[in-house]
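J.: This is the structure I have questions about; it appears just below.
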Protein chains: 2
Amino acid sequence: MLVYYLRSSNKVLQMTITISKVAKVLGINVETVRFYERRGLITQPSKPEVGYRHYPSDTVNRIRFIKRSQELGFTLDEIANLLSLNDRPCSQVQELAEHKLSAVKEKMVDLQRLEKALNGLLVQCSNNEDENHCPIIESLQP
Amino acid sequence: MLVYYLRSSNKVLQMTITISKVAKVLGINVETVRFYERRGLITQPSKPEVGYRHYPSDTVNRIRFIKRSQELGFTLDEIANLLSLNDRPCSQVQELAEHKLSAVKEKMVDLQRLEKALNGLLVQCSNNEDENHCPIIESLQP
DNA sequence: GTAATTGCCGTACCTATGTACGGAGTCAAG
DNA sequence: CTTGACTCCGTACATAGGTACGGCAATTAC
């Protein structure tokens with residue numbers, strides 16, 4: 001079910017679609033769309049007297065924004081923040097991104113430490129003579 | 001409250017303590033100890049006719065093992081696995097550690113990709129002329 | 001016109017790793 | 001003997017990000 005209506009300019013078409021179409025074009029679950037509504041990340045279109053709600057393509061775009069931001073490691077709370085910053089000075093957005101970047105760097109240092117430790121364990125293991133006694137278990141024990 | 005009792009060797013003392021002491025020496029919450037009991041990671045000492053349960057120092061050591069393994073990024077499920085492998089051939093333990101290692105490496109690649117993307121955003125931002133219009137928000141949008 | 005999809009809505013459930021709470025029992029100190 | 005601290009136990013709550021279900025309404029397909 002498609003509804004078209006004209007903007008006052010008489011030029012721009014705004015297409016509106018049902019929730020399942022929204023979910024489908026984005027490749028996500030209907031429930032996820034509804035979840036974002038509950039979280040206030042997108043606004044729920046008003047329910048018409050008769051029939052189903054229809055969602056403008058703005059909503060689709062907004063969810064795309066959300067999904068891309070998630071890929072960049074932002075949480076939904078941070079994304080809500082980003083969305084509210086739409087017309088705010090660059091500096092605030094930049095700050096958020098920098099904050100995120102330093103968190104990412106920290107996490108990478110963590111993982112490097114971890115990688116080293118795991119490699120250490122495996123080296124011990126490969127030098128092991130005694131088949132029935134694993135040095136990994138040993139070395140993790142106090 | 002401390003209870004000492006002798007092992008048959010007549011040499012080794014096994015000290016037993018209350019749950020809050022266990023938590024205290026480990027720097028964790030009492031509830032966490034109880035949570036590990038529920039998860040089957042440690043066994044709950046039987047309750048004496050009168051008074052409180054007392055925990056042997058083995059329990060403390062076991063929890064230390066758990067905590068170290070967690071630091072290495074193992075989940076509680078994996079740790080349960082490790083604990084059950086105590087006297088098993090090295091290969092199984094090694095396999096678990098290798099699996100973990102490759103997960104760590106994957107995660108690092110992810111984070112590097114993310115770091116690059118975030119840096120890209122910040123470069124755009126610093127090249128920005130228009131104070132009121134942030135390219136980060138723009139570039140995340142479709 | 002009837003059957004099969006969808007939509008709508010509230011609510012419960014999921015994973016992972018704990019934390020918190022309430023009420024009753026127990027213990028140690030003053 | 002009373003007070004305060006601790007234990008025990010079951011259950012609920014917390015976070016993050018959804019997913020699932022049940023019952024009823026509306027729409028679409030044939």
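J.: Roughly how crowded by other chains is peptide A:15-26, in terms of the mean Cβ count from those chains within 10 Å of each of its Cβ atoms?
T.: Across the residues of A:15-26, the mean count of other-chain Cβ atoms within 10 Å is 0.
J.: While we're on this one: Distances from A:Asn86 to the same residue in each other copy, label points 7 Å out along Cα→Cβ, in nm, shortest first?
T.: 6.0
J.: Here is a further query. Using +1 on the beta carbon of Lys and Arg, -1 on that of Asp and Glu, and nothing else charged, what's the dipole of chain A about the Cα centre, debye to 20?
T.: 1320 debye
J.: If the elastic network links every pair of Cα atoms under 10 Å, which of A:Val109, A:Val123, A:Val33 fluctuates the most in the Gaussian network model of chain A?
T.: Checking each option, the largest mean-square fluctuation is seen for A:Val123.
J.: Can you list the residues of the stretch A:88-124 with backbone N under 15 Å from a point 7 Å past the Cα of B:Ser102, pointing along Cα to Cβ?
T.: So the set is empty, nothing qualifies.
J.: Under the definition of partner shielding as Cβ atoms of other protein chains within 10 Å of a residue Cβ, what is the mean value for peptide B:62-73?
T.: The mean count of partner-chain Cβ atoms within 10 Å per residue comes to 3.
J.: Taking the 0 to 90 degree range and rounding to the nearest ten, how far is the long axis of helix B:57-71 tilted relative to the main principal axis of chain B, both from C-alpha atoms?
T.: 10 degrees
J.: Work out the mean other chain Cβ neighbour count within 10 Å for the residues of B:113-124 and drop it here as an integer.
T.: 5
J.: Assign unit charges at the C-beta atoms only (+1 for Lys and Arg, -1 for Asp and Glu), then state the dipole size of the protein assembly as shown relative to its Cα centre in Debye, rounded to the nearest 20.
T.: That gives the protein assembly as shown a dipole magnitude of about 840 debye.
J.: How far apart, in nm, are the 7 Å Cα→Cβ label points at A:Val109 and B:Asp77?
T.: Each label point lies 7 Å from its Cα, and together they span 3.2 nm.
J.: Another one. How far, in nm to one decimal, is B:Glu37 from itself in the other copies if the label point is set 7 angstrom along Cα toward Cβ? Shortest first, please.
T.: Once sorted, the set of distances for B:Glu37 reads 4.6 nm.
J.: Another question, if that's okay. Rounding to the nearest 10 and keeping the result within 0 to 90°, find how far the Cα-based axis of helix B:90-126 lies from the longest principal axis of chain B.
T.: Helix B:90-126 sits at roughly 30 degrees to that axis.
Here, each number is a calculation from the coordinates, and none is a lab measurement. Fair warning: this is a prediction, and the values are worked out from it, not measured in the lab. All Cβ positions, glycine included, derive from the backbone under ideal geometry; neighbour counts span all protein chains shown.
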